[in-house]
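The values are calculated or read from the model by the stated rules, or taken from the named source; none is laboratory data. What you are looking at is a predicted structure, and each value in this text was computed from that prediction instead of being measured. So basically every Cβ, Gly included, is an ideal-geometry build from the backbone, and we count neighbours across all protein chains shown. Just so you know, the surface numbers come from the protein's heavy atoms only, side chains and all, with ligands and any DNA or RNA stripped out. Shrake-Rupley method; radii C 1.70, N 1.55, O 1.52, S 1.80 Å.
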Amino acid sequence: MPVRILVTYYSSTGSVHRLAAAVRDGAESAGAQVRLRRVAELAPPEALASNPAWAQHHSETESRIPVASLDDLEWADGYAFGTPTRYGAPAAQLKQFIDSASSLWQAGKLADKPVTAFVSSAEQHGGQEATILSLNNVFYHWGAVIVPLGYTDDIVYAAGGNPYGTSWPAGYPSTMPDETVLECARYQGRRLARFAEMLAPARNESTAVPA
């Protein structure tokens, strides 16, 4: 049975959405079964209306991409989380979803699973690494196995050299990730799937009920 990967993200104007789709494609190309899920939008309608690109992206994905659920978290053998940076931290929308998973955490259902993260910010030094490190604090509490990009492939250097995870400096107004960065995200998806395939059998064996 293929390993199961959940790619969960929040995107306001679309750049993180493009990265998430590329991570999904990479994991699928490695043989994984993948669910691509967005988290619920928490901003009021007037906030979306203030930014045409934000409103347009929300309209384009609202009915097309399912909203992430706790069932998705329990289903998956590995996780990829994507977010824009918010002052060096993840967006509130993604954090709210993560905060809702305490019941799974308490039951040990998030432990021993590989997890990776990817980000976008307006500027190259706009908190990309800090945002991934902030998410990693959550994963430490889960007991998950953090899978960074590292300097494990030439595509990491070509895409900007961030060993923490794929990152895109979108500028303002936002631009979409270029093909080099998307290929890095695909590589990140493949890498996550490989670790999920290695870890899943041992995790399933440890949780099996003795006959």
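Data table
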item	result
Count - residues of region 35-49 that are modelled with pLDDT under 85 and farther than 18 Å from Leu94 by Cβ	1
Subset tally (residues that are open to solvent by 10 Å² or more (accessible area, probe 1.4 Å) and within 9 Å of the chain's Cα centre (by Cα)) for region 1-21	0
Verdict on Asp99 being of a type in the set (Asp, Glu) and more than 15 Å from Val138 (Cβ to Cβ)	no
Pairs where the first residue, in region 34-62, is in a strand (DSSP E or B) and the second is surrounded by fewer than 16 Cβ atoms within 10 Å (Cβ to Cβ), C-beta under 6 Å, 6+ apart	Arg37/Pro66
Scope region 95-117; condition closer than 20 Å to Val39 by Cα and either free of Cβ contacts under 8 Å to residues at least 24 places away in the same chain or of a type in the set (Gly, Ala, Ser) (or both); matching residues	Lys95, Asp99, Ser100, Ala101, Ser102, Ser103, Ala117
Check on Asp99, more than 19 Å from Arg18 (Cα to Cα), surrounded by 17 or more Cβ atoms within 10 Å (Cβ to Cβ) and acidic (Asp, Glu)	no
Any hit, region 157-178, residues being touching a Phe, Trp or Tyr at 6+ places or on another chain (Cβ under 9 Å), surrounded by 17 or more Cβ atoms within 10 Å (Cβ to Cβ) and more than 23 Å from Val39 (Cβ to Cβ)	yes
Tyr164 being assigned to a helix (DSSP H, G or I) and either touching a Ser or Thr at 6+ places or on another chain (Cβ under 6 Å) or not β-branched (Val, Ile, Thr) (or both)	no
Hey, Trp105 over 22 Å from Ala43 (Cβ atoms), of a type outside the set (Val, Ile, Thr) and open to solvent by 20 Å² or more (accessible area, probe 1.4 Å) or not	yes
Every residue from region 64-96 that is open to solvent by less than 20 Å² (accessible area, probe 1.4 Å), under 16 Å from Arg24 (Cβ atoms) and assigned to a loop (DSSP other than H, G, I, E, B)	Ile65, Ala68, Ala76, Asp77
